[in-house]
């Protein structure tokens, strides 16, 4: 039976267990997005336990920056520092993956110095609507970011399409609409273009997609639509589907452990690739159970690992006793 500590091999990359450290912003980078010793130490300390570490959302374009000390991957000068980061994670035994992102309409001129940009300005009323020309530039920015990640030695790239950021804004009927509501085919077009472009440069490395599978609001993105989108992602070569929320954000108003697991479980019904579940998971026994029961394939444990870098190591001992 598959459990929390069963290895998983995808392509030629073996993940030693089913525990994932999900991407969480540290604000330990420089103002222009470069790595620091504090950032290296943070991930190095965490790398001895989980099977995979997905490094925090790294902005692919200066207009996509969300916070003052966010990690960047928009320029070739970032590559050397990212290489050191990937090496430190690998030295602990975890598979290093980096998430690439653009904040879209959630960005602030106070951070970027420029007006936010979004698929439409119905929801983000102050945003500049992204033109077809700009779409091509942004797709290229994601692709070049993925190329930098490969040069830096990461074993995979996760394209961020959740938490109401740019690609999630394109997918949602709330944030991507004109005078008439756009259909799913139109809304998922640009995210799929980005995925196709990134896939071409990854070759034998892993491609992950963080899918915001529901807006959790009236008139928002439905799980049926997300399931259809997930199927299209799989057709375009996504190796792992990482399921979270979309416009509702990463931490909806609930304290229930595993609050996004039902979403991940539902998406698992649409794809054959491994699925990551997340959502305030604290207890090793709970994490083990959702894998054993086949509800999901990998478990993302974030803040508990931040608070205790030995969480995964301790989890093995706890489960042995059980």
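Some points to look at:
- Screening the candidates 271, 291 for the property of being under 22 Å from the mean Cα position of the chain (by Cα) and surrounded by 20 or more Cβ atoms within 10 Å (Cβ to Cβ) yields one hit, 291.
- Within segment 171-186, tally of residues that are within 18 Å of residue 134 (Cα to Cα) and free of Cβ contacts under 8 Å to residues at least 60 places away in the same chain: 4
- Any hit, segment 203-211, residues being touching a helix residue (DSSP H, G or I) at 6+ places or on another chain (Cβ under 9 Å), within 24 Å of residue 14 (Cβ to Cβ) and at pLDDT below 95: yes
- Count - residues of segment 29-64 that are assigned to a helix (DSSP H, G or I) and either in contact (Cβ under 8 Å) with a residue 24 or more places away in the chain or within 22 Å of residue 139 (Cβ to Cβ) (or both): 9
- Selection of segment 234-249 for residues being closer than 18 Å to residue 296 by Cα and surrounded by fewer than 24 Cβ atoms within 10 Å (Cβ to Cβ) yields 234, 238, 239.
- Qualifying residue in segment 253-273 (condition: on the phi > 0 side of the Ramachandran plot and in contact with a strand residue (DSSP E or B) (Cβ under 8 Å, 6 or more places away or on another chain)): yes
- For residue 88, the test of being touching a helix residue (DSSP H, G or I) at 6+ places or on another chain (Cβ under 6 Å) and farther than 18 Å from residue 152 by Cα is failed.
- Among helices (runs of 4 or more DSSP H) entirely within segment 115-223, having at least 3 residues that are under 22 Å from residue 54 (Cβ atoms) singles out 132-151, 166-171, 189-202.
- Of all residues in segment 11-30 being surrounded by fewer than 16 Cβ atoms within 10 Å (Cβ to Cβ), closer than 16 Å to residue 274 by Cα and under 21 Å from the mean Cα position of the chain (by Cα), the one that is modelled with the highest pLDDT: 14
- Flag for residue 276 being touching a helix residue (DSSP H, G or I) at 6+ places or on another chain (Cβ under 8 Å) and either crowded, with 16+ Cβ neighbours inside 10 Å or closer than 16 Å to residue 51 by Cβ (or both): yes
- Breaking point among (1) in a helix (DSSP H, G or I); (2) in contact with a strand residue (DSSP E or B) (Cβ under 6 Å, 6 or more places away or on another chain); (3) surrounded by fewer than 17 Cβ atoms within 10 Å (Cβ to Cβ), for residue 105: (3)
- Residue in segment 217-224 that is buried (at least 23 other Cβ atoms within 10 Å of the Cβ) and over 22 Å from residue 131 (Cβ atoms) present: yes
- Residues of segment 294-321 classified as buried (at least 21 other Cβ atoms within 10 Å of the Cβ) and at positive phi, total: 0
- Filtered by the rule that a residue be over 16 Å from residue 156 (Cβ atoms) and surrounded by 14 or more Cβ atoms within 10 Å (Cβ to Cβ), segment 33-44 gives 33, 34, 35, 36, 39, 40, 42, 44.
- Verdict on residue 33 being modelled with pLDDT of 95 or more, in contact with a helix residue (DSSP H, G or I) (Cβ under 8 Å, 6 or more places away or on another chain) and over 17 Å from residue 276 (Cβ atoms): yes
- Where residue 284 falls short, out of the listed (1) surrounded by 14 or more Cβ atoms within 10 Å (Cβ to Cβ); (2) closer than 28 Å to residue 182 by Cα; (3) modelled with pLDDT of 95 or more: (2)
The values are calculated or read from the model by the stated rules, or taken from the named source; none is laboratory data. Computed from a predicted model, the values in this text were never measured in an experiment. Note that we place each Cβ from the backbone using ideal geometry, even for glycine, and neighbour counts take in every protein chain shown.
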